[in-house]
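Values in this text are rule-based calculations from the coordinates and carry no lab data. What you are looking at is a predicted structure, and each value in this text was computed from that prediction instead of being measured. Glycine gets a Cβ as well: all are built from the backbone with ideal geometry, and neighbour counts include every protein chain shown.
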Amino acid sequence: MKANREWIIKGIALAVWAGVLVSSGIAFAQHRQYKEAVVLGAGVVDVRTLGDYFEPLKGTTNDCNIYILDSGVPGGTLLIMGAVHAEEPATNLAAQLIVENASATTGRIIVAIHENRSGSTVTRPGDAYPQFFTIETDWGEKKFRMGDRWANPLDSWPDPETYVHYPSGQLLAYMDVRNMNRTWPGRPNGSLAERTSYAFMRLIEEEGVDLTIDLHEAELEYPIIGTIVAHQGALDVAAMVSMMLTAQEFTIGMEISPLALHGLSHREIGDFSDSPCILLEAPEPFLDRVRGVTDEALLLTGQDEFVMKAGEHGLLYWPIDENGWPIDIRVARHVRTIEKITELWTRFHPDEAMVVAGFPTYNEMVELGVGHFFHDPSTVSQDRVAFE
Ligand SMILES: [Zn+2]
């Protein structure tokens, strides 16, 4: 009798375990396979993929779309990379907003919305991340994948005991072998992230990119926040942008890329190509360790009483009040800073002019919301819709 009861309890435990396994497996698969629609703006003349620049990446998870906005007028070429860290959603939203609305009138803009696609196919279940978030548009809700800082272990496994950065030999944390802001300039036979970095370096070379902008968000407990980090090849432009925006529009700092810290975009892209790199950081309270409930609301509003409390105790490097840091402001900061960089780059490098049009103003993005600038994919010809 007693033995029978034991078997029944074991059977129930097994059934519950199998139920959890199957239901979470389905949720993970749905997230991994969900595709975000992108309406190609009038400025987009071609959509390539990263595998066009490095064949072995073709057809893999990280064969991301490469959007070409070409004015047809000779000038400079700007590369914009979003979602290098896919848990920083203002970055892919800013990149997508540019693809859907902007154009170049001199030179070219090249955009990657999900630079490390693999990282956008996984979240951080142990940190209770939501899998998706939605943005209100004029035509309904638009759904996006939330992601993680690192490439998905399903695509890149196992991690080494210690990650030895190539080619510097610097020792980095093991999981950073999947972190696209630690694997520049990459190598053709390395980890997925190293191969993806390598492919972007080939793109930069083949397309003759003159300037690269790498978009990020950071926690307020992190000292590199609300700032521009620039390679020495773009210090003049970055300093002027920081001064002008801070004096006239919003506060944004400026830092010089450290010479001895390896694997980062703002160091290695400039050192290993003809394109200096500028990295932009926006404030994202969702990433703070001291945050409260980690849900979609926090992701979108950036309002959190625990992060505010940390600020009262002087533990933060960036201000926060009850208004938080809403996604509209974070995207607006990125989009406006990019536009300002093109203005200043053109002033300092007239032979590599990048003149852009169709960027909404900072106030328009904050007042109307970024959703206002995403277009309804069901109302355009299907050859003008791409999927991320
Ligand atoms: Zn980042």
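Could you work out how much longer the chain between Phe348 and Ile12 gets when fully extended? Use 0.36 nm per residue separation minus the Cα distance between them, nm to one decimal. Let's see the in-between values first.
Values: separation 336, 0.36 × 336 = 120.96 nm, distance 7.04 nm.
Once the chain is fully extended between Phe348 and Ile12, it gains 113.9 nm.
Subtract the Cα-Cα distance of Ala357 and Asp159 from 0.36 nm times their separation in residues, and report this length gain in nm to one decimal. Show your work: numbers first, answer last.
Details: separation 198, 0.36 × 198 = 71.28 nm, distance 4.34 nm.
Answer, rounded to one decimal: 66.9 nm.
Taking a ≥ b ≥ c as the square roots of the Cα gyration tensor eigenvalues, with a/c under 1.5 meaning rounded and otherwise prolate when a/b beats b/c, else oblate, which class fits the range 245-313? If you can, show how the numbers build up before the last one.
Details: a/c = 2.55, a/b = 1.93, b/c = 1.32.
Note, shape of the range 245-313 comes out prolate.
Helix-only estimate, please: 222 nm mean residue ellipticity of the chain, summing -39500 (n - 2.57) across DSSP H runs of length 4 or more and dividing by its residues, to the nearest 500. Present the calculation step by step, with values, prior to reporting the outcome.
Details: 9 runs with 125 residues, N = 388.
Value at 222 nm, helices only: -10500 deg cm²/dmol.
Report the residue, chosen from Thr106, Thr361, Thr342, that carries the largest GNM mean-square fluctuation when the chain is represented by alpha-carbon nodes joined by springs under 10 Å.
Evaluated over the chain, the most mobile residue of the options is Thr361.
Count the DSSP beta bridges whose two residues both fall in the chain, then state the antiparallel fraction as a percent rounded to the nearest 5.
Numbers: 27 of 47 bridges.
Antiparallel: roughly 55 percent of the beta bridges in the chain.
Among the aspartates and glutamates, select those whose C-alpha is under 14 Å from the C-alpha of Lys309, and discard any that sit fewer than 8 residues away in the same chain.
Glu221, Asp288, Asp321, Glu322
Which loop trypsin sites (Lys or Arg not before Pro) in the range 34-66, with loop taken from DSSP, have no more than 12 other Cβ atoms within 10 angstrom of their Cβ? Show your work: numbers first, answer last.
Numbers: sites: Lys35, Arg48, Lys58; in loops: Lys35, Lys58.
Filter output for the range 34-66: Lys35.
Counting other Cβ atoms within 10 Å, which GluC sites (Glu not before Pro) in the range 74-176 have at most 15 and lie in a DSSP loop?
Glu161
Of the trypsin sites (Lys or Arg not before Pro) in the range 244-291, which ones lie in a loop per DSSP and count no more than 16 other C-beta atoms within 10 Å? Walk me through the numbers before you get to the answer.
Values: sites: Arg267, Arg289, Arg291; in loops: Arg289, Arg291.
Qualifying residues, ordered by number: Arg289.
Taking a ≥ b ≥ c as the square roots of the eigenvalues of the Cα gyration tensor of the range 133-186, is the shape rounded (a/c under 1.5), prolate (a/b larger than b/c) or oblate?
Numbers: a/c = 4.59, a/b = 2.78, b/c = 1.65.
Prolate shape, in that a/c is at least 1.5 and a/b is the bigger ratio.
Please check: in the Gaussian network model of the chain (C-alpha springs, under 10 Å), which one of Gly19, Gly311, Gly324 has the largest mean-square fluctuation.
With Cα springs under 10 Å in the chain, the top fluctuation among Gly19, Gly311, Gly324 is at Gly19.
Starting from 0.36 nm per residue, how many nanometres of slack lie between Asp383 and Thr134 once their C-alpha separation is accounted for? Could the numbers behind the result be given before it?
On the way: separation 249, 0.36 × 249 = 89.64 nm, distance 2.43 nm.
Additional length available on full extension: 87.2 nm.
Pick from Leu211, Leu220, Leu171: which residue has the top mean-square fluctuation in a GNM of the chain where Cα pairs under 10 Å get a spring?
In the Gaussian network model the winner is Leu171.
Considering only DSSP beta bridges whose two residues both sit in the range 32-125, what percent are antiparallel, to the nearest 5?
Working: 9 of 14 bridges.
Bridges in the range 32-125 are about 65 percent antiparallel.
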